[in-house]
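> Before I ask anything, let me first share the structure, which is written out below as structure tokens.
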Amino acid sequence: MNELSTAELYLQDFHQRQPGVTSAAFGQLPALSASARYASTYALLARLVPDVDTPQSVLDLGCGDGHLLALLVAREQPQLQLIGLDMSASELAVARAILPPSVRLLHGRGQALELPSASVDYLVSHMALMLMDDIEQVVREMRRVLRSDGRFAAIVGRTFLLGEVNDVFMRVFKPIVSTELPPLRFGDRRTGSEAGWRELLDGSFADVEFDDIDVPWTPTPGELWTALLDTYDIDRLDDGARQRLRTAFLDAVAPLQGGDGKVATGWGLRLVRARAA
């Protein structure tokens, strides 16, 4: 791989310490669009790959521990060629342990895909593209490896937490992050909006579509805090700042608990789809 940026070095370290953290967070929670319900956001992406008997190739860009690829393997489509790429050797090691040898796993970056041009029918990505440096080069590589009329589909972030819990969290998080968290930019801001994605995909992709995807969850405040520990910014806080944030957040979110002691929240995501022009 080419020399990694500071953000990429952090992401590599994080996933070295916590491989599988993304699939643990999203692999078992249902996902809701305006018109459908899915077993998970991974299942949503898997469903977009046609279940047919004809040959087709699928690239999972930022495949992590192989959770999405495993869903596609389970179909037992004999002519489905599966490829996963990730820059984390630890995530790929987990993927290799659960996937059959027929799945090709590559250690690399989205900015330089070691694949032939026009060799992929479907390119999917789960919670990875919004973290990638030089997203314009990533998009160029995506288009290069996709065949003409090949399809692209990605789950990316839309908002952080759902509902009033998000406002409460941001109210206590921002004062701490402004003084306690060293600046570190992940990815390109354009990946956080529909307008930004249209700009990035313009000229190389057509039929760009978006769907808001909610991943609802009703944890206890303690369960929610445990999940937040696996997010990048909270992971980057030192122990003292993390403890101050925990205390402030649990105090602030307590009034939102229902009679069962739980809070209504979840994750706000976006599905981006397009066709290689």
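The values are calculated or read from the model by the stated rules, or taken from the named source; none is laboratory data. Computed from a prediction, not measured in an experiment: that's the story for all the values here. FYI the Cβ positions are ideal-geometry reconstructions off the backbone, even for glycines, and counts take in every protein chain you see.
To keep it simple, each residue is scored yes or no on (1) surrounded by fewer than 16 Cβ atoms within 10 Å (Cβ to Cβ); (2) in contact with a strand residue (DSSP E or B) (Cβ under 8 Å, 6 or more places away or on another chain); (3) modelled with pLDDT of 95 or more; (4) of a type in the set (Asp, Glu).
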residue	(1), (2), (3), (4)
131	no, no, yes, no
156	no, yes, yes, no
165	no, yes, yes, no
182	yes, no, no, no
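> Sticking with this one: So which residues in region 154-205 are among the aliphatic types (A, V, I, L, M) and more than 22 Å from the chain's Cα centre (by Cα)?
Start the filter on region 154-205 by keeping residues that are among the aliphatic types (A, V, I, L, M), which leaves 154-156, 161-162, 165, 168, 170, 172, 176-177, 181, 184, 195, 200-201.
Selection gives 168, 172, 176, 177, 181.
> Can you go through 96, 151, 171 and tell me which one is crowded, with 21+ Cβ neighbours inside 10 Å and of a type in the set (Lys, Arg)?
Only one candidate qualifies: 151.
Conditions tested, residue by residue: (1) under 27 Å from residue 212 (Cβ atoms); (2) assigned to a helix (DSSP H, G or I).
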| position | (1), (2) |
| --- | --- |
| 7 | yes, yes |
| 43 | yes, yes |
| 46 | yes, yes |
| 50 | yes, no |
| 58 | yes, no |
| 95 | no, yes |
| 111 | no, no |
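> Applying the selection to region 257-267, what residues are touching a helix residue (DSSP H, G or I) at 6+ places or on another chain (Cβ under 6 Å) and either part of a helix (DSSP H, G or I) or within 22 Å of residue 127 (Cβ to Cβ) (or both)?
Looking only at region 257-267, we keep the residues that are touching a helix residue (DSSP H, G or I) at 6+ places or on another chain (Cβ under 6 Å), and these are 263, 265.
265, the sole residue that qualifies.
> May I ask you to say which residue of 89, 118 is surrounded by fewer than 19 Cβ atoms within 10 Å (Cβ to Cβ) and touching a His at 6+ places or on another chain (Cβ under 7 Å)?
The unique qualifying residue is 89.
> Tell me the residue from 165, 145, 139 that is of a type in the set (A, V, I, L, M, F, W, C) and under 30 Å from residue 256 (Cα atoms), please. Before the answer, list the steps.
On the way: 145 fails: under 30 Å from residue 256 (Cα atoms); 139 fails: under 30 Å from residue 256 (Cα atoms).
None of the other options fit; the residue is 165.
> If I filter region 141-195 down to residues being among the β-branched types (Val, Ile, Thr) and assigned to a strand (DSSP E or B), which single residue comes out as nearest to residue 48 (Cα to Cα)?
155
> Residue pairs, Cβ under 6 Å, 6 or more apart or interchain, first in region 12-37 and under 19 Å from residue 132 (Cα atoms), second surrounded by fewer than 15 Cβ atoms within 10 Å (Cβ to Cβ). List them.
21/230
> Can I ask one more? Find the residue count for region 9-41, including only residues that are out of contact with any helix residue (DSSP H, G or I) (no Cβ under 7 Å at 6 or more places or on another chain) and in a loop (DSSP other than H, G, I, E, B).
The total comes to 9.
> Being of a type in the set (D, E, K, R), loosely packed, with under 13 Cβ neighbours inside 10 Å and either in a helix (DSSP H, G or I) or within 15 Å of the chain's Cα centre (by Cα) (or both) narrows it down to one residue among 251, 230, 212, 235; which is it? Can you show your working first?
On the way: 230 fails: loosely packed, with under 13 Cβ neighbours inside 10 Å; 212 fails: loosely packed, with under 13 Cβ neighbours inside 10 Å; 235 fails: loosely packed, with under 13 Cβ neighbours inside 10 Å.
The unique qualifying residue is 251.
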